[in-house]
1. Provide a single number: the residues in region 290-316 that are more than 16 Å from T261 (Cα to Cα) and of a type in the set (G, A, S).
2. So I90 clears everything in (1) touching an Asp or Glu at 6+ places or on another chain (Cβ under 8 Å); (2) touching a residue at least 24 places away in the same chain (Cβ under 8 Å); (3) within 28 Å of R256 (Cβ to Cβ); (4) buried (at least 19 other Cβ atoms within 10 Å of the Cβ) except one condition, right? Which one?
3. Looking at L153, L168, L201 in this structure, which one is within 18 Å of L260 (Cα to Cα) and assigned to a helix (DSSP H, G or I)?
4. Filter region 216-235 for residues that are surrounded by 21 or more Cβ atoms within 10 Å (Cβ to Cβ) and of a type in the set (G, A, S); which is nearest to P263 (Cα to Cα)?
5. Quick check on Y132: is it within 22 Å of I336 (Cβ to Cβ) and surrounded by 13 or more Cβ atoms within 10 Å (Cβ to Cβ)?
6. Show the residue pairs meeting these rules: Cβ distance below 8 Å; 6+ apart or different chains; first residue within region 307-332 and more than 15 Å from A207 (Cα to Cα); second residue among the acidic types (D, E) and surrounded by 23 or more Cβ atoms within 10 Å (Cβ to Cβ).
7. Got at least one residue in region 43-63 being surrounded by fewer than 19 Cβ atoms within 10 Å (Cβ to Cβ), assigned to a helix (DSSP H, G or I) and either out of contact with any helix residue (DSSP H, G or I) (no Cβ under 8 Å at 6 or more places or on another chain) or in contact (Cβ under 8 Å) with a residue 60 or more places away in the chain (or both)?
8. Quick check on region 236-252: of everything there that is at pLDDT below 90 and surrounded by 19 or more Cβ atoms within 10 Å (Cβ to Cβ), which residue is nearest to E183 (Cα to Cα)?
Amino acid sequence: MNDPDTIRKAVEGALARAAGAFDMPPFAALPAAYREALRAFVLRRGKRLRPVLFVLAYEGYAAGPMPDLYRAAAALEILHDFILVHDDIIDRAARRRGAPSLPARFRALLDGRPDAETRARNLALVAGDALYVLGVRLFAGVDADPARRQRALERLTDAALHTACGELEELFCGLRPAGDVTEASLARVGEGKTAHYSFALPMTAGAVLGGADEDEIGRLDACGRAAGRAFQIRDDALDVAGNGDGAGKPVLQDLREGTLTVPVRLAWARCGAADRAHLAAVLHGGAGEAALAEARRIILASGAVDAARARVAAGAQEARALLEGTRMRQEARRAIGRFLDRLLAWPQGAGGGRAPTVPGPG
């Protein structure tokens, strides 16, 4: 049984091999500097949570090794990159987890052109589409039982559709006043953008290739969606309560972009008219640092972050119970449980009060 660190190392090698496609037709006809920027983006360091969950789930059911297991795992990571590229275009983000986003990498190559910003976004948009096709092609070509491979591929494309609709729902939420956006809408955003693709898909696709039956796939799907919902709420809460050191994301980035999240919606429901007016102004976009700091104070004082943390703990407990109800091999089940615990833990030093106590994995 592989541990997450061993899986990550193997995935890095598989990604490097997959990136060899950038030296082959049709990519080879493109300018070398842009192909290298694309390669650097794909090979940047990351948690690789999707490949880890995918490999562990496969090992939890499989009768033996699969030759292309890590090719399939790398395909999931490349498909994730496609999603990130489009996210960064929408958010006009220059950084992605401490490194330049793909639009920013292309922008640097166009330095000096008056239309560099627009050209870079256009190039990144199409490059992201190419990554989607590359990821699907890699996954569809793995050496596996054809029926299982087809079922896993269907799960992959279904998750991609959920992700796109989650992104659309978030954009539609941004068109409405904050008070008109329901918690149900925000829950659909989190489930669509994060839960299906980042958690449910890797576990169910790995289990399908490993030979799990439909009952097991259903339990793992529910487990992944519970974990993914909790992970998204945690990420949103850390946008407000994080300290910029070890929390995994810049503080107030969502507020800076005017994105309505679950903690902000919880705060809205708890605060008075003056504070709501301030939050609405910040969500309109373009707020300065002083206005952002005041919005953060309002959200923290409302108790919204503590409420969000309680939801994360409840989601983690739900996911763990569903995981423990599977017939997955015990070693793999425990490895996934420990990995989910790490992903859903509240970073030391982040604000928001005392975390609820949650039992450890079985």
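The values are calculated or read from the model by the stated rules, or taken from the named source; none is laboratory data. These figures come from a predicted structure and were not determined experimentally. All Cβ positions, glycine included, derive from the backbone under ideal geometry; neighbour counts span all protein chains shown.
1. Counting residues in region 290-316 that are more than 16 Å from T261 (Cα to Cα) and of a type in the set (G, A, S) gives 8.
2. So I90 meets the others, but not (4).
3. Selected residue: L168, the only one of L153, L168, L201 that is within 18 Å of L260 (Cα to Cα) and assigned to a helix (DSSP H, G or I).
4. Among residues in region 216-235 that are surrounded by 21 or more Cβ atoms within 10 Å (Cβ to Cβ) and of a type in the set (G, A, S), the one nearest to P263 (Cα to Cα) is A230.
5. No: the conditions fail for Y132.
6. Here the result reads A308/D236, each pair linking region 307-332 to a residue that is among the acidic types (D, E) and surrounded by 23 or more Cβ atoms within 10 Å (Cβ to Cβ).
7. The answer is no, given that none of the residues of region 43-63 is surrounded by fewer than 19 Cβ atoms within 10 Å (Cβ to Cβ), assigned to a helix (DSSP H, G or I) and either out of contact with any helix residue (DSSP H, G or I) (no Cβ under 8 Å at 6 or more places or on another chain) or in contact (Cβ under 8 Å) with a residue 60 or more places away in the chain (or both).
8. Looking only at region 236-252, we keep the residues that are at pLDDT below 90, and these are 242-252.
Next, only the ones that are surrounded by 19 or more Cβ atoms within 10 Å (Cβ to Cβ) stay: 242, 247, 251-252.
Details: G242: 22, A247: 24, V251: 23, L252: 20 Å.
Going through the qualifying residues, I end up with L252.
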